[in-house]
Amino acid sequence: MRKSNGFTLSESISALSMWLLIVTILVPQMVLIVKERENTMRSVDAHRILHEETQLIMIEHQLPEEKVILKNQIEYKLFIKEGVPYHQACLEWENTSNKEESSCFFFQK
């Protein structure tokens, strides 16, 4: 029998199958993590915008009907619903999965 220092076919196939298994598990998880990170950033931006807009409304004492705010190429829509004694300010935007998300604050004018 001769001494062989190279890889055999079975070793190569098992190594390839392990790499394929790792790649098929990790790549979708990495994509999901990136999408969730982007959704979280959009949500944080939305809450920041909503807070700033409600503060501005309370200072100016004017209720806009509807306002579209563009930040980081994302369109946020602000809606105000009048109420007694509290008004409701809602902000809507699309997440990375093209689903509509919203967040609402209550404030007193």
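The values are calculated or read from the model by the stated rules, or taken from the named source; none is laboratory data. Bear in mind that the values here come from a model prediction, so they are computed numbers and not experimental data. Virtual Cβ from ideal backbone geometry, glycine too; neighbours counted across all protein chains shown.
Looking at (1) within 16 Å of the chain's Cα centre (by Cα); (2) surrounded by fewer than 11 Cβ atoms within 10 Å (Cβ to Cβ); (3) outside any strand (DSSP E or B), which is the one condition that is false for Arg42?
Among (1) within 16 Å of the chain's Cα centre (by Cα); (2) surrounded by fewer than 11 Cβ atoms within 10 Å (Cβ to Cβ); (3) outside any strand (DSSP E or B), Arg42 violates only (2).
Just to be sure before I move on: is Arg2 modelled with pLDDT of 95 or more and not β-branched (Val, Ile, Thr) in the structure I sent?
Here the answer is no, as Arg2 does not meet what is asked.
Does Lys35 fit the bill of being in a loop (DSSP other than H, G, I, E, B), touching a residue at least 40 places away in the same chain (Cβ under 8 Å) and surrounded by 13 or more Cβ atoms within 10 Å (Cβ to Cβ)?
It is false that Lys35 is in a loop (DSSP other than H, G, I, E, B), touching a residue at least 40 places away in the same chain (Cβ under 8 Å) and surrounded by 13 or more Cβ atoms within 10 Å (Cβ to Cβ).
If you check every pair at least six apart or on different chains, which have Cβ atoms under 9 Å apart with a residue in region 94-105 that is surrounded by 13 or more Cβ atoms within 10 Å (Cβ to Cβ) first and a residue that is part of a loop (DSSP other than H, G, I, E, B) and not acidic (Asp, Glu) second?
Partner pairs satisfying both residue conditions: Glu101/Asn95.
Is it the case that Lys67 is in contact (Cβ under 8 Å) with a residue 40 or more places away in the chain, among the basic types (Lys, Arg) and surrounded by 12 or more Cβ atoms within 10 Å (Cβ to Cβ)?
no
Conditions: (1) surrounded by 13 or more Cβ atoms within 10 Å (Cβ to Cβ); (2) over 23 Å from Thr96 (Cα atoms). Leu56 meets all but one. Number of the miss?
For Leu56, the failing item is (1).
Does Ser10 satisfy the condition of being more than 17 Å from Phe105 (Cα to Cα), part of a helix (DSSP H, G or I) and not β-branched (Val, Ile, Thr)?
So Ser10 passes the test.
Give all pairs with beta carbons closer than 9 Å in which a residue from region 2-30 that is of a type outside the set (Val, Ile, Thr) meets a residue that is modelled with pLDDT of 90 or more; count only pairs at least 6 apart in sequence or on separate chains.
So the pair list comes out as Phe7/Ala15.
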